[in-house]
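Since every read-out is calculated from the coordinates, none of them should be taken as a lab result. In this text the structure is predicted, and so the values were computed from the model without any measurement. Cβ coordinates were reconstructed from backbone atoms using ideal geometry, including for glycine residues, and neighbour counts include every protein chain displayed.
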Amino acid sequence: MEAGTHSAWRARLLVSMGRERDDVRSLALMDRLEPRRLHELFHRSEAAQMDLEVIKARKPLVGCRSKLIHHLRGAVKGIGSRLPSGGADGFARQAREHLPPALTESLGSVLDVIEQIAEQIRHQGHLIETLCRKYPETPCLRQVSDVGPVTAPAYVLRLEEPDRFAKSRTAGALSG
């Protein structure tokens, strides 16, 4: 079975149906003739996959908020004004106070969306913190500088079964 978006789901479905894969004979022959070409495919558990999605869901939210903030800054610069610098968390509140009146009607809704996305990012952050408490390895990983609540459980979930690696160096290749 090829690795891909649906391969883990298909593998679990086939196992639950008690079905053998049709390509077993071909794989056995290939294993006999060219064993170097076959590699074992590891599928993380469904629970680990769901937990990893909690972490992955945050990234597009952050990206969306950043694009909207850049759009606002560019629009305001286009009429010769500037918005105050600062972090993304409090951007909407600060920008609303400094938004030129000529752009209030057209860009006010964008500020509303930025506030809503920021709230969703905070919510994802709480879910991720809860996830950190679920996996006992995360506090140890978070002691390392720059390893925070997103990176630690993501690393644990990507490895899932560290004993499957013959050498610790090969685990690093998995995470890029």
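A few notes on this one:
- Contour excess over end-to-end distance, with Cα ends at Thr130 and Trp9 and 0.36 nm allotted per residue: 41.0 nm
- Straight-line cross-link reach from Lys77 at under 23 Å between alpha-carbon atoms covers these lysines, not counting any fewer than eight positions away in the same chain: Lys67.
- For segment 40-176, diffusion coefficient by Stokes-Einstein and Kirkwood Rh (Cα), 4 °C, 1.567 mPa s, µm²/s: 74
- Label point distance in nm, Phe42-Ala88, each placed 7 Å from Cα along Cα→Cβ: 3.0
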